[in-house]
Structure formats: C-alpha cells, structure tokens
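The structure appears below as structure tokens.
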Amino acid sequence: MGVRHAVVAGGGIGGLAAAVALSRRGWRVTVCERAPSLTAVGAGIVLAPNALRALESIGLGPDVWAGDALLGPVGLRTPDGTWLSRTGTSAMSSRHGPPACAVHRGFLIDALAAALPPGVVRLGVSVTGVDDAGGAVVVRTSGGDLRAEVVVAADGMRSVLRGQLFPRHPGLRHAGEAGWRAVLPGVGPPGRSAAETWGRGERFGIVPLVDGRIYVYATAAVGPGTKPADHHAELTRRFGAWHDPIPALLDRLGRRNPDAVGILHHDFYELASPLPRFHSGRVALLGDAAHAMTPNMGQGGCQAIEDAVVVAHLLADDADVPAALAAYTTARHRRTTRVSRRSRRIGELARLSRPLAVSARNLAVRATPPAVTARALDTVLGWQPPSCPASPTRPSATTEAQP
Ligand SMILES: Cc1cc2nc3c(=O)[nH]c(=O)nc-3n(C[C@H](O)[C@H](O)[C@H](O)COP(=O)(O)OP(=O)(O)OC[C@H]3O[C@@H](n4cnc5c(N)ncnc54)[C@H](O)[C@@H]3O)c2cc1C
C-alpha cells in the first residue's frame, strides 16, 4: 500500500498535534489553516500532566515545554487572600506524573509546527466541505479540491465540518460567563505558584509561564455580548480591591496597555449537547470541533491533544479507516463528555453569587483535604497515551483511568 494522505482542517492546537502524530505514523499530511499565519491568538495555556504525556508520546518531551519551569503549588483563594485550598506540587507530582506547566499559546503552536515535516501546512486555505468519494474523501477548500484517505476536522468550536456532518446538532450555547486574558512580563509569584481567586460571580487567576512571564485571567458571570467599553477600567472596578498582587498586576496591565491593547476578551461557549459520535465515514472530529467545553478545568486543549494522539494511533499501519474512526469515537466520546460536564459544574460553582451559597461553597472547599482534591483528578490527569511506536492492537476506552 502506498503512503496514505490525511487532510487536517485547522492548524490550531488539535490540528497541529494530529498532524505531528499522523506524520510519525507514516501518513502524508496536509494541514489547511484559514488564517494567513500560524501566529496563535491567545495568552497562556496550561498543559496538564495528561497532555504532557500525550505530547511526549509523539516526540515532544519535557525539554520542549518546561525544563525546570514546571508549575509550583496550585491554590484557591477568596478575594481577601484567604487560602481555601492549596495543593503541593510534590503530592500532585507523585500522583499524576509531572506537574502541569503553562506556556504561551504561540510557544505551543510553534513547537508543534516545528515538529512537522516541511511543506505540511497550507496557510490562508479554508476548508469549506467534504464529499465522500468511495474509498477516499474529496476535501473542498478555498485553494481547490484535495483527495485524502482520511480527514481530521480540527476546525475549532465553530467547525464548518461539524455543521455539514451533523446538521441537526444544536451547536454552541453561551456558558453564562465572559473572560479576560493577558500576559505580563516580569517576575511571577514566589515558588512558581499558581492561584485562582473566587469571589461572587467573578474569578481572577494568576499563572506563571515557563518563559518567566505571568498569565492573568479573569471571568465574570454575564450574558452574551456584554462588552465593556474599557476593559482595563472594568477589570479594575471588579478586581482592583482584591488581595495582593492583583491590584499591582492590574496597575501594570493598565500602564503597559494604556488603550487596553493586549487584553483579550471573549464570551465563553460550549457545545449545547454532546455529538452523537466523533466520526462520520472517513472524517474524524477532534478538539473543540468535537467537544467544545468551558475553560474551567483548563482541559479543552489538553483533550484535543489526547484526541490527536489516539486517532493517529488507531490509524497506524494499514488500519481500515472507517473502522479505526469508529474505534476513535469509542475511545474518546465518554471521556471527553465527562470532562466537559465536570468543567461545566466547576463553572457553576465558581460563579455562584448569593452570599449564603458562596459561604457554603467556600466552607466545603476548605474542608476538603488536598489529597482528596488530588485524588478526584485521577481520571482526568492520570490518563495514559496509547503505546508508541504503533502497535497492531488498538487502545480501548481503558486508556481512561476509571473512577
Ligand atoms: C479563556 C480560555 C482559556 C483556556 N485555557 C485552557 C488551558 O489552560 N488549557 C487547555 O488545555 N485548554 C484551555 N482552553 C481551551 C483551548 O483553548 C481549546 O480547547 C483549544 O484551543 C482547542 O484546540 P482546537 O485545535 O480544537 O481549536 P482551535 O485552537 O480553535 O483551532 C482551530 C483552528 O482551525 C482554524 N479554522 C477554523 N475554521 C477553519 C476552516 N474552515 N478551514 C481551515 N481552518 C479553519 C482556525 O483558524 C484555528 O487555527 C481555554 C479556552 C479559553 C476560551
């Protein structure tokens, strides 16, 4: 059998990870990315142990990500600075493998792109649809048709291919929140610790990046389309009286961004309901195209990377493509649905705003020992990638640690 051709729609985190994983399994890959460059829009992204293991399985090991710059303790605080919980790195580390690390999205995209053979990515090319052509698929793009044995739809939460393949699916729904993100230069918190502070319907997060910069984010429970005229003024109004170092960080954000350039603001969306499956014939959906979830667990990108590694594993050697993609749905659907549901629940808790409910929530979080919190994350962070190099046996849903 000659070298088979895979077309990947979308050169984001999931698409590029799939392209790397498929190339390593011997596929000739073409990535169609509609943007004119791979410059990632975005701020920081946390790569949890499950994603770090998945990346390592496709040749992107710890040296690429962090060196000695892994995240330190992770904690939850109240606006006056009281710690509700604090998880030590060592406890997390021994339980789930390496601690998480946080990188700029651009760094992650560059690292994935650098791991690809030359000529794989076609920029400024939009995928507009797919047509079944018997033993292959014809991919319609703005740069002409492409023929492929398999298509990976990694075209993000507003996926065109999801719309074509699942026309009755309701699509996205607003998650009841909007968020701000920015990256600041300068010295981060001591011990490389990361913290999120939960108020009443509002959150503020501080995460040190591996390059020494600080990733800050904030959320507010607001309806769709609620866009403040001045983002920095709005952040200061909401969070300016919270515990240190939040006021100082906001001040720096304002000085560096007198006209608020550099502060990203987005409504949060998720899929209104799970797709019936993550494949259709010779097309596999992955990442946000398959299971767009709220960012509350920091797992959307991590799950996209897991998807990429698993689908490439199942497509290894001379695997029958439709059967491999059916196995991909079996391996990924339940896991990603659970993670999405959990992420949504965390958001519901985090954006409580009634004083009594907030007090009860905070009491419950404080009463939970860190070891219990760490154990509760086993199924998400303890995930193991299928073995690499390719084995003829397929991974099953057992690659997910069971509760
Ligand atoms: C505020 C916020 C914070 C987050 N924090 C984290 C975190 O800490 N950790 C984590 O793991 N996840 C996080 N996520 C989630 C994560 O960003 C997404 O899950 C991840 O980017 C999904 O990757 P993807 O490749 O599926 O989609 P995307 O990254 O959206 O990439 C899709 C790509 O497809 C391209 N495209 C779209 N349509 C077409 C088309 N028709 N033809 C060709 N190209 C097309 C787009 O230009 C884009 O490059 C966060 C999300 C948000 C909103």
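What follows is calculated from the coordinates using simple rules that are stated; it is not laboratory data. Being a predicted model, the structure only gives us computed values, none of them experimental. Ideal geometry is used to build each Cβ from the backbone, glycine not excepted, and the neighbour counts take in all protein chains shown.
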- Note on the structure: Of 48, 326, 308, the most mobile residue in a GNM of the chain (C-alpha springs, cutoff 10 Å) is 326
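Within 10 Å of each residue's Cβ, count the other Cβ atoms and sort 270, 348 from fewest upward. All intermediate terms of the calculation are to be shown ahead of the outcome.
Values: 270 23, 348 13.
Least crowded to most crowded, the residues run 348, 270.
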- Task: Provide 128, 330 in ascending order of the number of other Cβ atoms located within 10 Å of each residue's Cβ, fewest first.
- Result: 128, 330
- For the pair residue 376 and residue 28, what calculated FRET efficiency results from E = 1/(1 + (r/R0)^6), where r is the Cβ-Cβ distance and R0 = 45 Å, to the nearest 0.05? 0.60
- Message: Below 8 Å between Cα atoms, with a sequence gap of 6+, how large is the relative contact order for the chain in percent?
- Response: 22
- Note on the structure: The answer for residue 384, listing residues at least 5 apart or on another chain whose modeled amide H is closer than 5 Å to its amide H, is 401
- Once you put a point 7 Å from the Cα of residue 138 and another 7 Å from the Cα of residue 111, both along the Cβ direction, what distance in nm separates them? 4.1
- Item | Label point distance in nm, residue 387-residue 237, each placed 7 Å from Cα along Cα→Cβ | 5.9
- For residue 156, the net charge from surrounding residues (Cβ-Cβ under 14 Å; K, R +1; D, E -1) works out to -1
- Karplus (6.51, -1.76, 1.60) ³J(HN,Hα), θ = phi - 60°, over region 121-136, in Hz, Gly and Pro reported as x: 8, 10, 8, x, 10, 9, 8, 10, x, 9, 10, 5, 10, x, x, 8
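Using 0.36 nm per residue of separation minus the Cα-Cα distance, give me the extension gain between residue 338 and residue 361 in nm, one decimal.
Length difference between fully extended and current span is 6.1 nm.
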- Message: Which one, 23, 322, 83, projects farthest toward the positive side of the charge dipole computed for the chain from Cβ point charges (K/R +1, D/E -1)?
- Response: 83
- Quickly work out the residue 168-to-residue 39 label distance, labels modelled 7 Å from Cα along the C-beta direction, and quote it in nm with one decimal. 4.4
